[in-house]
1. Quote the charge dipole size of the range 70-150 about the Cα centre in Debye, to the nearest 20; the model charges only the Cβ of Lys and Arg (+1) and of Asp and Glu (-1).
2. Could you give the nm distance between label points at ASP207 and ARG84, where each point is 7 Å from its Cα heading toward the beta carbon?
3. What percent antiparallel are the DSSP beta bridges of the range 103-234, to the nearest 5?
4. Calculate, for TYR247 and GLU96, the FRET efficiency according to 1/(1 + (r/R0)^6) with r their C-beta to C-beta distance and R0 41 Å; round to the nearest 0.05.
5. Once amide H atoms are placed 1.01 Å from N in the peptide plane, what residues at a sequence separation of 5 or more from LEU27, or on another chain, have their amide H within under 5 Å of its amide H?
6. Using packing as a proxy for protection, rank 194-202, 216-224 so that the peptide with the highest average count of other Cβ atoms within 10 Å comes first.
7. Using a cut-off of 13 Å between alpha-carbon atoms, which aspartates and glutamates can reach LYS112, once sequence neighbours fewer than 8 places away in the same chain are excluded?
8. Would you mind putting 249-255, 206-212 in packing order, based on average other-beta-carbon counts within 10 Å, highest first?
Amino acid sequence: MDSRPQDWGEHIPAGQVSGPGLRILLLASDVPLFACVAAIEEINANCAGSLVLAGVATDAVADPQARISAGKRLWQHYTPDQCRLSYERTRSFCTEQGIEFFSGSVHALPIKDWMEASQPDIIISAFYGQLIPEEILRAPKLGAYNVHPSDTEHGIRGPRPFLDTIEAGLKQANGHLGKVVVHELDPGFDEGRVVIETPGLPFHDGDGVLPENPLHIGFKFCLYAYPVLVQALLATLLEKGRDFTPYRIAYSDEIVTRIENYRYSDQIGFSSAPELVRRMRSCLRDNNRKPFR
């Protein structure tokens, strides 16, 4: 299969990634990507060499001809300048950290060849706008997983999870609550089995008001909910392997309060990548309950 010109993005090689740990391939963009990185770094800080980040693939969101670009999916809530900043933050972080980087269509031959060559043990998708081919999903021996900010078991799937949850009326007396889940990736659209879920977490702010822009809900979940979920997934895979019993994780009252009190600002939403990773690792340490049970 020949790739069309718009299938191509950027490929920035990083040489051979070596080490004894489980090899992880991240299909992710920007803040959700850094949540995954924070979880990997925190686990390695406590158990050196457990995990190796083999590479990152992301949407070519700054390319108007790309299949997933500005104006599509959650990217529609970004301004064009924010899309460019987001893409560059992801690209720069990978380049500076020596992480292999690819953007463009997951169906293009270069990315398929690269994924096969990287031999990942685990694939994690977070804010990745493309359906992933089945042959890629079958490759990692410990499975492929997606972090999705809605309750898929109640039918909230697809590209509008926050809006769909609100419109579906999944509300409690104290405001809008929604789950974030980790589910197994399959060829369908967010249809895989849920393996980890959060309790109901607040979409609303501390005063009970919902942010006007769903992107703001996304950022606060990525800052506080995603790192705990990804850490729990990776810790479970390290301890128990692929065949573990699905479970719900616990969040400390402090973390739930942080989620409620979060306010979006450009300073927070577009901080540097290292600063975001530091904040997320601090969140992991402050979540004073065990990440899984």
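The values are calculated or read from the model by the stated rules, or taken from the named source; none is laboratory data. Only a predicted model underlies this, so the values are computations on that prediction, with no experimental measurement involved. Heads up, the Cβs are rebuilt from the backbone with ideal geometry, glycines too, and the neighbour counts pull from every protein chain shown. Ligands, DNA and RNA are stripped out before the accessible areas are found, and what is left, the full protein with its side chains, is counted by its heavy atoms. Shrake-Rupley method; radii C 1.70, N 1.55, O 1.52, S 1.80 Å.
1. On the way: 8 positive and 9 negative charges, 56 e Å.
So the dipole magnitude of the range 70-150 works out to roughly 260 debye.
2. It works out to 3.4 nm between the two label points.
3. Working: 11 of 15 bridges.
Counting DSSP beta bridges with both partners in the range 103-234, the antiparallel share is about 75 percent.
4. On the way: r = 36 Å, r/R0 = 0.87.
Step by step, r from the Cβ atoms, then E = 0.70.
5. It is ALA57, ILE124, SER125, ALA126, by chain and number.
6. On the way: 194-202: 19.7, 216-224: 24.1.
The most tightly packed comes first, giving 216-224, 194-202.
7. ASP2, ASP7, GLU134, GLU135
8. Working: 249-255: 17.0, 206-212: 12.0.
For the peptides 249-255, 206-212, the packing ranking is 249-255, 206-212.
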